[in-house]
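The values are calculated or read from the model by the stated rules, or taken from the named source; none is laboratory data. Not measured: the values here are computed from a predicted model. Please note: Cβ atoms are built from the backbone with ideal geometry, for glycine as well, and neighbour counts cover all protein chains shown.
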Amino acid sequence: MKLKLIVALAILSLSPALALASPSCTKEPKSKWMPEAAMKAKIEAMGYTIKTFEITGNCYEIYGRDKNGERAEVYFNPVSGEIVQKGD
C-alpha cells in the first residue's frame, strides 16, 4: 500500500516538469494559424528537411535535418512561422 502511494506521488511530482517540456508558441486560436502546407513550405525554405511534422501544444514542431545535415527538433510559432525553440 505504501509503495503504491510513493509511486503515485513520484508520478505526480514529475507531471509539472513534463508539462513544461514544450514551449509556448502562440496564444492565437487555431483559426489564425498558418495552414500546415504553407508552414512546411516555409520550413523547407529555411533549409530544413522535415521527417516528422506535428502539432505540439500550441506549436508546430518538426523532427528532421537542418541545412548542414544535422538532426533537428524545432518548435515554430504557427502564426508567424518564426522559430521559438531549437532542441537536439
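Only one of the listed residues (LEU12, LEU18, LEU5) is at pLDDT below 95 and either buried (at least 16 other Cβ atoms within 10 Å of the Cβ) or under 16 Å from the mean Cα position of the chain (by Cα) (or both). That residue is LEU18.
Hey, could you check region 26-74 for residues that are among the β-branched types (Val, Ile, Thr) and within 14 Å of GLY87 (Cβ to Cβ) and say which is surrounded by the most Cβ atoms within 10 Å (Cβ to Cβ)? Residue satisfying both the conditions and the ranking: ILE62.
Do we find that THR26 is touching a helix residue (DSSP H, G or I) at 6+ places or on another chain (Cβ under 9 Å) and of a type in the set (Val, Ile, Thr) in this structure? Against the criterion (touching a helix residue (DSSP H, G or I) at 6+ places or on another chain (Cβ under 9 Å) and of a type in the set (Val, Ile, Thr)), THR26 qualifies.
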